[in-house]
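A short write-up of the structure that comes next.
The values are calculated or read from the model by the stated rules, or taken from the named source; none is laboratory data. Small disclaimer: the values here were computed from a predicted structure and weren't measured. Here the Cβ positions follow ideal geometry from the backbone for every residue, glycine too, while neighbour counts run over all protein chains shown. Areas reflect the complete protein model, heavy atoms only, side chains present, ligands, DNA and RNA absent. Shrake-Rupley method; radii C 1.70, N 1.55, O 1.52, S 1.80 Å.
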Amino acid sequence: MVKFYQQKHSYDYSWNTVSYAFLNRYPNPFATHVLSADTIDHRLDAETGELHITRLLRKTNSIPRWARGIMRGNYAYILEDVVVDRDGGMLVSKTRNITHTRLLKVEEKQTLLADPHNANNTLCKNETSIVSNIGYGLNSRIENFSLSRFSENLSKSRKGMLYVLDLAQRKGLFRQRLLAEQRPEA
């Protein structure tokens, strides 16, 4: 049986700022389980103006004692596809694991949307599906455990984003970008 999880949140930063931080969120001290984030493809769609990015994430996590006999290694590879629509003020990230898929399939969609009522606010929506096909009467146990862990990790992810947003703001990166965006074109 598939488990679904959905959560909405907002960041008190502009969409430009949050989307920039999202694409630069690793490394941060709240995501020590993310060992690497490698861009494997990126392109700008000439017709739509959308930026398409594909990244490969390598993550690790502790394996519960009851799952150690089923899993080989605690590394997982995650494929992330990101579409950035700057004109529409929307970033959509879709991730899915490409290892351990017989044990568990996790697909996440995260949407960052410019708040139409407040330019200094960004709306965030997370949608996740979790399904196990391992059988042996373990599907429900694995899905419930994974859903619980996912919600814990989502909280850490949000703290990591806030860390990156704060760090970039203290370094003046967003102020420089804002000034560059406000310059009139010659």
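In this structure, the residue pairs whose Cα-Cα separation is over 20 Å, taken from LYS3/LYS159; LYS8/LYS171; LYS94/LYS156; LYS105/LYS159, are LYS3/LYS159; LYS8/LYS171; LYS105/LYS159. Here the gap between ASN120 and VAL92, fully extended at 0.36 nm per residue and compared with their Cα-Cα distance, gives a gain of 8.2 nm. Taking the Cα centre of each part, how many Å lie between segment 90-123 and segment 1-64? Here the answer is 7 Å between Cα centres. When PHE145, PHE150, PHE4 are compared by accessible surface with a 1.4 Å probe, the order from highest to lowest is PHE4, PHE145, PHE150.
Gain on full extension, evaluated as 0.36 nm per residue between ARG65 and LYS8 minus their Cα-Cα distance, stands at 17.3 nm. Between the residues HIS42, VAL18, ILE70, the greatest Cα displacement towards the positive end of the dipole of segment 1-96, with unit charges on the Cβ of Lys, Arg, Asp and Glu, is found for ILE70.
Students sometimes get this wrong: rank TYR136, TYR5, TYR20 by accessible area, probe 1.4 Å, all chains present, largest first.
Details: TYR136 180, TYR5 50, TYR20 75 Å².
Ranked from most to least accessible, the order is TYR136, TYR20, TYR5.
For ARG58 and LEU44, the difference between the fully extended length at 0.36 nm per residue and the C-alpha to C-alpha distance is 2.5 nm.
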